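Please treat every number below as a calculation from the coordinates, not as lab data. Not measured: the values here are computed from a predicted model. So basically every Cβ, Gly included, is an ideal-geometry build from the backbone, and we count neighbours across all protein chains shown.
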Amino acid sequence: MKKVFRKYSFGSKGAATTKLNALPHDEEGNPTHSHAIVHLGNLVETEGTYDEEGEVITEPVLSSTYHIDVLWDGEPLESWDSAMVWCAPLGVHTFGSSSAIAEWTEACKVLHPEYFPEPSEDELV
């Protein structure tokens, strides 16, 4: 079966959990689907700074949204499209087969060509 990799952002962990809980589960709450799901949480937008002893000088700044990655076993659910995000080039996490990664990259190139600038001649040397 075709594997499709997608990235999603939700307003909160609770909103992501609600969406995940709508996927097929058995009576005991165990998933019965074969999609692979990775919780990335609130991503670091600005790195913190630390002194030589590792003490925090400035706290990292986290995103206000909660992120998950899904490797769909088959086509992604259209009901998830409104939460889908694209980042350059694959963000902080990726997984899946090379064909799933290639499909994600090609879709991202079509939607966001600015994430894939052509190298300058200086960079090619």
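Structure summary
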{"read-out": "Å³ per residue enclosed by the Cα convex hull of the chain", "value": "177"}
{"read-out": "Rough spin-label spacing in nm, given labels placed 7 Å along Cα→Cβ, for residue 45 and residue 32", "value": "4.0"}
{"read-out": "Residues with amide H under 5 Å from that of residue 25, placed H, sequence gap 5 or more", "value": "32"}
{"read-out": "Note, ³J(HN,Hα) from phi for region 9-19, Karplus 6.51, -1.76, 1.60, rounded to Hz, x at Gly and Pro", "value": "10, 10, x, 6, 4, x, 5, 5, 4, 4, 5"}
{"read-out": "Rounded to whole Hz, the Karplus (6.51, -1.76, 1.60) HN-Hα couplings of region 77-82, x for glycine and proline", "value": "6, 4, 5, 9, 4, 5"}
{"read-out": "Point-to-point label distance, residue 1-residue 63, nm (Cα→Cβ direction, 7 Å offset)", "value": "2.7"}
{"read-out": "Average Cα contact separation per residue, the chain, under 8 Å, 6 or more apart, as relative contact order %", "value": "34"}
{"read-out": "As computed over region 51-104, the Cα convex hull volume per residue (Å³)", "value": "140"}
{"read-out": "Note, ³J(HN,Hα) from phi for region 110-120, Karplus 6.51, -1.76, 1.60, rounded to Hz, x at Gly and Pro", "value": "5, 6, 9, x, 5, 6, 10, x, 5, x, 6"}
{"read-out": "Among 38-46, 67-75, 22-30, the order from most to least packed when residues are scored by Cβ within 10 Å on average", "value": "67-75, 38-46, 22-30"}
